Amino acid sequence: MTSEISNYIRRHEAAIAPLYKDYSQKLWDLSLSGSEEREKALVEAKERYLKVYNNSEEFRQIRQWKSLHVQTDPIEARQLKLIHDAFVPHQIKEDVLRDIVRRETEIENFFNTFRANFEGSEASDNQLRDVLRNENDITRRRASWEASKQIGREVASQLLELIAIRNREARNLGYPDYYSMMFELQELDEKWVFSLFERLEHLSEPAFSEMKAELDATLKEKYRVTDRENYPWLYSDPFFQEFPAAGASESLDEIFKDPDIEALTRAHYHSIGLDIEDLLRRADLYEREGKSQHAFCLDVDHEGDIRVLCNIRKNERWMSTMLHEFGHAVYDKYNDRSLPFSLRTPAHILTTEAIAMLNGRMSKDPDWLMKIGGLSEGDAKRVGASALKTLRSEMLIFLRWAITLVRFERELYRNSGQNLNSLWWKYVERVQKVTPPSNRDQPDWASKIHLASSPVYYQNYVLGELMASQLLWHIHGKVVRSGSYAGNPEVGQYLVENVFKPGARYDWNTLLKKATGEELNPEHFVRQFVDNN
Ligand SMILES: [Zn+2]
């Protein structure tokens, strides 16, 4: 029996590895330059890849092996578990699977190509955001915010249809709904995560309220607003998920106006003992016509072909984004080549996000600004204090926003027949403390692309931030034995040995316990960003 299982795993991995690589390459090609031809090539590669997981006979066999609890070695048991989990959501009729892929692609394309009507002409997402970032006239800000919600009306019914299909298929597979299925397949305990979020909401309430009152006052003065309400168009993005730069006392962008962002990224990782020279060579870092406007890291083959896409501009946001994306990249690069294919990946989405976030935060760290950013001690102190305050505000704002979205998304799958428009604003008002526009009854929630294109994903960002704080605490206390991070090669060595090399051989919380001595503990984040004044 065990040799039968071993043989199967080997065969499966031999089949899936080239299909995965082909799919990744097509994805990369399309991101560099969009064309119908490349889009078609990607869809076909994705179908070939997913079709492997659609095989019901193979799945029945895997399930049987799993239920027998055959004694296999721990590596093979883990492989079998992960292969099983990859099969589950694809155990649906082939035409239904194709229908879902088609619907998802359609909505995603709609988001990519939609142009809102603003001031009588078409406006892109970036144009609307520019208004929210820079405009002082409140009437115009409001118009831009309202325009950013137009897409919600257009996609809401399509999205609800897709959710109904996802739920129907999940129920056929024996789960209460799609949401619960995805939590289980992501090895997340739904009850635990939601009680954690409740606790975080409670703990962050005073700090968030205080920070936000100050921010609101600054913004209202700037925009000459006298009402007591905090309408959503006060903020610099459509969902109040970011800290409005207009609320900061010191602009960090000044610092990154001249230096070479790529060189600073190299210097940062070099200073913690990690070499990214090969990763930089394979990366595509600058803006170009037709290229994807986002930033991401793609592990093409789990064998060292790792590619980062960015669109560097000389400002703090791109400095932070570069540090973030190369955090994903070093995790992938320093994997253990002796592990089998399916384990040669991060333990979880949240663990790779944690590494990316841990490094991405550094562009606001006073010590980093001096050591890597090249600021004098005096400047680093002055700017650093404001930078730390900004980072803390960012964390609080993002936390409250993510809690709002995660809560709402669960309701969306549990009971999509309820009044979602008012539920959305109920959560936004309570958790984010943003005043709903009066008499508004629109599907504003549907204008958030993640609900369509990255379902049941957002909780991982919060868990990633919590883990980043826990790792930093451990690194300060046990690895570097001081309050610094950059400039200490032992940091990289610690991460390689304790986080990167284990790959996916343990579930994420076991990995974290092995790496830091305790399971995920939100107190480290709370101490760093909530209590700390
Ligand atoms: Zn990331």
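The values are calculated or read from the model by the stated rules, or taken from the named source; none is laboratory data. Predicted, not measured: the structure shown is a model, and the values here were computed from it. Heads up, the Cβs are rebuilt from the backbone with ideal geometry, glycines too, and the neighbour counts pull from every protein chain shown. SASA here: full protein model, heavy atoms, side chains in, ligands and nucleic acids out. Shrake-Rupley method; radii C 1.70, N 1.55, O 1.52, S 1.80 Å.
Here are the numbers for the structure shown:
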item: Rounded to the nearest 10 Å², the accessible area of residue 242 at probe 1.4 Å; result: 70 Å²
item: Simple label model, 7 Å out from Cα along Cβ direction - residue 71 to residue 296, nm; result: 4.4 nm
item: Relative contact order for the range 176-533, counting Cα pairs under 8 Å that sit 6 or more residues apart, in percent; result: 22 percent
item: Accessible area (Å², 1.4 Å probe, nearest 10) - residue 500; result: 0 Å²
item: If the convex hull is drawn through the Cα atoms of the range 2-91, its volume per residue in Å³; result: 91 Å³
item: Apportionment of accessible area to carbon and sulfur, the range 131-180, percent (1.4 Å); result: 44 percent
item: Helix-only mean residue ellipticity at 222 nm for the chain, each DSSP H run of n ≥ 4 adding -39500 (n - 2.57), per residue, nearest 500; result: -19500 deg cm²/dmol
item: Cα-based radius of gyration of the range 276-356 once divided by 2.2 N^0.38 Å, which approximates compact folds; result: 1.12
item: Chain lengthening between residue 126 and residue 490 when straightened (0.36 nm per residue, less Cα-Cα); result: 127.0 nm
item: Å² per residue, accessible surface of the chain at 1.4 Å; result: 45 Å²
item: Highest average packing first - 44-54, 385-395, Cβ atoms within 10 Å; result: 385-395, 44-54
item: Total lysine pairs whose alpha carbons fall under 15 Å of each other in the range 2-91 (8 or more apart, or interchain); result: 5
item: Paramagnetic reach from residue 336 in the range 51-85 [backbone N under 18 Å; point 7 Å along Cα→Cβ]; result: 72-83
item: Reach of residue 513 by Cα under 19 Å, taken over aspartates and glutamates that are not fewer than 8 positions away in the same chain; result: 187, 189, 353, 465, 497, 523
item: Calculated FRET value between residue 98 and residue 422, using beta carbons and R₀ = 45 Å, to 0.05; result: 0.80
item: Entries in 291/333; 381/448; 381/514 that, when Cα-Cα distance is taken, lie over 31 Å; result: 381/448; 381/514
item: Rh by Kirkwood over Cα pairs, then Stokes-Einstein D for the chain at 1.306 mPa s and 10 °C, µm²/s; result: 64 µm²/s
